[in-house]
Every structure is written in C-alpha cells, then in structure tokens.
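Have a look at the structure below, then the notes.
The values are calculated or read from the model by the stated rules, or taken from the named source; none is laboratory data. Everything numeric in this text was worked out from a predicted model, so none of it was measured. Virtual Cβ from ideal backbone geometry, glycine too; neighbours counted across all protein chains shown.
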Amino acid sequence: MQHDYDVLIVGGGLAGNCLALALKDSGLRLAIIEANTREQLKDSPAGDRALALSAGTIKNLQAINAWSGIKTVATAIKGIHISDQGHFGKARLSAKKQAVDALGYVISARDIENHVATLVAQTEIKQFCPARVEGLISGLESVNVSLKQGDQALNLTAKLLVGADGGQSTIRRLLNIAQQVTEYGQTALVTTVKLSLPHNNVAFERFTSSGPLAMLPVNDGEISVVWTRTHKDAEDLMAMSEDDFIEQLQSCFGYQLGELSLSAPRRAFPLSLIRAENMLSGRCVIIGNAVHQLHPVAGQGFNLGMRDAVQLAEMLCEQQQKNADVGEQSLLARYAELRQKDHNQTIGFTDNVVKIFSTDWLPVAAARSISLAIMDHIPTAKSILAKHAMGLSGRLPRVGNRQ
C-alpha cells in the first residue's frame, strides 16, 4: 500500500517539534499537523511559564542541534536550595560540587517553543497548520487520518501516527484512551519578580503547609515564581493588589533575595496529576503531555516529555535503518515498556513530594525536616538527589549528533 507519510506527528508544540527535529535526517517521510496558528501559539498565556531544563534535557537538545540558539536566553542553575517553612531541615545542591557547569537551566516556554518551531520551519518537513484532525482509523498496514484545513477536507495515510497534541489531546480522545486523574486541590500562581539582591544563579524550593514555592533564576535581578496554593488562597491572591500580593509572597519566602517587586502579570493554573492508561492503540502512540501532566513541584514535566520524544526517535531511526515497519506492533510495545519505567519513577517521585510536603501534620513534618538535614550532610545522598534533579539517573537515548 502507498503511504503519504511514514510518520505523522499531530501537535506542533515542544514535544512534537523536538520529535520532528530528532527524525529530520532519518530518511523517514514526516509531516506535522497543528491545530493552532503560530501566532496563537506564541500568544498563549502558557508561554509565560518558566521551564527548568535538566542537564539530561540539555544533552538531548544539543543532540538535535536545538540548544546553541537558545543558550543565550537561558539562565544557568548553579545551586539549588531546598527548605521547609517553619522547620529546621534544609538541603543545598551545588553544580561545583557535582563537577558540572550547571545543574540545569531556566528558560521561558515561549522562547524554547518559538526556537524549535523556527528550526522545524527551516527543514523540508511538511506542515499542515492550522489543521484539525477530524477522525482516524488504524488498520493492519496503515493509519488513515482525516483533516480539516480551512474549508478543505484532506485524507492522509501513514505507517505511524504520533499524538503530541498536549493535555487536551484530540488523538487520545479519538483513540478512546482513558485517563487517571488525581486532583491536588491546588493552583499554581506564576509570575516574575524583581530582586533587590542578586540571585547568584540559585534556585529555591520552599515547602509550606499550603504547597511548594519555587523561585527560579531568570534574568539578572529577576526570578520566576511558581507558587502553589489551595484554590481559595490562589483566588484571593489573584484578586489582591500588587502590593498586597508581594507582601504575602515576601512573608512566605523571606528576604534571602532582598525586597521583591512584580515585573510580570500574575497567571493561575489549576493543578492535577493526569496520566493516560495506555500509550498505544494500533499504529498510534501518544507522547508528552498527551500521556502525562505532572505537578510542577519537581520541574519534571517537559523533561519527561522530552525523554518520550528522544526515546521514540531513537527506536524509529533504528527501525528505519533496518528498512523495517516503523508502525510495527512489537516495536511500539517495546517503546511503551521502556517508557513505563521512567514514567512510574518520575511521576511517583513528584506525586510523593507533593503529598509529603503539603501537610503540616507534626510526625510527617518532623520526618521530612530530619531527612533534609541528613541529606545535606551525606555526600552520596546529595549526589543521588542531584542526579535526579539533573535528569541523569538513567541512560540517555542516542539521537541526532550524539556520539
């Protein structure tokens, strides 16, 4: 059977575009389908989010030649300071002590999304944008996709369809893949503040009874705030004047970075753990936020999605080199099995951190405070925590120009 494409990628965001860049020199016939225009994607409030890129993610971005163009707008994390409000426990991680240039980098979602989209636009990869998937049928030899692009109806076939279309994934819905949802009863408040003291490239994670507060270094003299509160608290904080909001933030964080002042709008994002019950259906696979949406407490959402993309790219490249079917069931089942371990580990760690550090029940509070204090004085334990934060606890897939 003649196929229009070998791989159709639905979703022109971070996961989909990174996958496309990892596959661009594979010899596979690729196309991307994106429902929104580039202008809509650029103007999305979600672009204001600060992403913490792990060292493992940096290596993967380097491998697909997507790092050098954004390194100048990313801020290195040289240290991480973890504390528990009202308790003595603290843990501090240092890039110098781990013998690395940085534990990770912070960049706005908009900056990295725009960059990878520009790189894809410079390739010969076909893009249907804006276009919406109206239906699909996965058969024994191909997957058939019906699109609506403006007033035009299109029908495409491929050996493999990849759903990288985010948390509200159309592909996941069309495949009838159910989700498991854990409601945290929390909302993340996201903004940027100016500092009166230098951040010295240190990221702060401060746990409170109402949720964690992350302060991520961005520009000189500024820091990105991800403040998790109950829905009611978040609603009240959003309704406050800027001065009252800053007063509350200062009370929660303290004066380690001097006096704070708002330098960006406040935005609110309700939080939950959402996980698809399956990654596969026929000749279709879903990756990134279409499979998992995590609490931002550990900053692992995009890093996990990036590993989805590079793992899949590596396996598809190997399959193509053998002149084998990239939609073969045994291949996709092996991919799902490999990713499941990483998903379980990363999601489980993040979920446990949220639950353990979002309570002020005295026995739990005392245990976590002691744990942080012990960890701060045991180099081996600190090294394990640092490797987890850097996304280097497992093997990195080989894609692009990695040797």
task = Among the numbered conditions (1) part of a strand (DSSP E or B); (2) surrounded by fewer than 14 Cβ atoms within 10 Å (Cβ to Cβ); (3) without any contact (Cβ under 8 Å) to a residue 40 or more places away in the chain; (4) not β-branched (Val, Ile, Thr), tell me where GLU183 comes up short.
result = (3)
remark   = Of the residues in region 305-328 that are under 21 Å from THR57 (Cβ atoms) and either among the polar types (S, T, N, Q) or surrounded by fewer than 24 Cβ atoms within 10 Å (Cβ to Cβ) (or both), the one that is farthest from the chain's Cα centre (by Cα) is CYS317
note = Within region 296-327, residues assigned to a loop (DSSP other than H, G, I, E, B), on the phi < 0 side of the Ramachandran plot and touching a residue at least 12 places away in the same chain (Cβ under 8 Å) come out as GLN300, ASP325, VAL326, GLY327
query = Can you find a residue in region 259-281 that is more than 25 Å from the chain's Cα centre (by Cα), surrounded by 14 or more Cβ atoms within 10 Å (Cβ to Cβ), in a loop (DSSP other than H, G, I, E, B) and not β-branched (Val, Ile, Thr)?
reply = no
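Only one of PHE253, PHE269, PHE245 is touching a residue at least 60 places away in the same chain (Cβ under 8 Å) and either in contact with a Lys or Arg (Cβ under 9 Å, 6 or more places away or on another chain) or aliphatic (A, V, I, L, M) (or both); which?
Of PHE253, PHE269, PHE245, the one residue that is touching a residue at least 60 places away in the same chain (Cβ under 8 Å) and either in contact with a Lys or Arg (Cβ under 9 Å, 6 or more places away or on another chain) or aliphatic (A, V, I, L, M) (or both) is PHE269.
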query = Among the residues of region 282-292, how many are in contact with a helix residue (DSSP H, G or I) (Cβ under 7 Å, 6 or more places away or on another chain) and surrounded by fewer than 23 Cβ atoms within 10 Å (Cβ to Cβ)?
reply = 0
In region 195-225, the residues that are surrounded by fewer than 21 Cβ atoms within 10 Å (Cβ to Cβ), modelled with pLDDT of 85 or more and hydroxyl-bearing (Ser, Thr, Tyr) = SER196
ask   = Quick one: is LEU331 touching an Asp or Glu at 6+ places or on another chain (Cβ under 8 Å), within 19 Å of LEU140 (Cβ to Cβ), of a type in the set (A, V, I, L, M, F, W, C) and surrounded by fewer than 24 Cβ atoms within 10 Å (Cβ to Cβ)?
value = yes
query = Among the candidates ALA164, ALA117, ALA178, which residue alone is touching a strand residue (DSSP E or B) at 6+ places or on another chain (Cβ under 7 Å), touching a residue at least 40 places away in the same chain (Cβ under 8 Å) and not basic (Lys, Arg)?
reply = ALA164
ask   = Quick one: would you say GLY13 is under 30 Å from GLU205 (Cβ atoms) and in contact with a Gly (Cβ under 8 Å, 6 or more places away or on another chain)?
value = yes
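Just wondering, is there one or more residues in region 290-311 that are charged (D, E, K, R), touching a strand residue (DSSP E or B) at 6+ places or on another chain (Cβ under 7 Å) and at pLDDT 95 or above? Full working, then the answer.
Taking region 290-311 as the starting set, the residues that turn out to be charged (D, E, K, R) are 307-308.
Next, only the ones that are touching a strand residue (DSSP E or B) at 6+ places or on another chain (Cβ under 7 Å) stay: none.
There is no residue in region 290-311 that is charged (D, E, K, R), touching a strand residue (DSSP E or B) at 6+ places or on another chain (Cβ under 7 Å) and at pLDDT 95 or above.
Looking for whichever is modelled with pLDDT under 95 and either farther than 14 Å from GLN345 by Cα or among the charged types (D, E, K, R) (or both) here; the options are LEU271, LEU280. Which one fits? Give the derivation first.
Working: LEU280 fails: modelled with pLDDT under 95.
The unique qualifying residue is LEU271.
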inquiry  = Criterion first (buried (at least 17 other Cβ atoms within 10 Å of the Cβ), part of a helix (DSSP H, G or I) and at pLDDT below 95) does LEU372 satisfy it?
reply    = yes
query = Since ALA153 meets every condition but one in (1) closer than 28 Å to SER272 by Cβ; (2) of a type outside the set (Ser, Thr, Tyr); (3) assigned to a strand (DSSP E or B), which condition does it not meet?
reply = (1)
task = Six or more apart or on different chains, Cβ under 6 Å: which pairs go from a residue in region 328-347 that's in contact (Cβ under 8 Å) with a residue 40 or more places away in the chain and in a helix (DSSP H, G or I) to one that's among the β-branched types (Val, Ile, Thr) and surrounded by 14 or more Cβ atoms within 10 Å (Cβ to Cβ)? Could you list them?
result = LEU332/VAL285
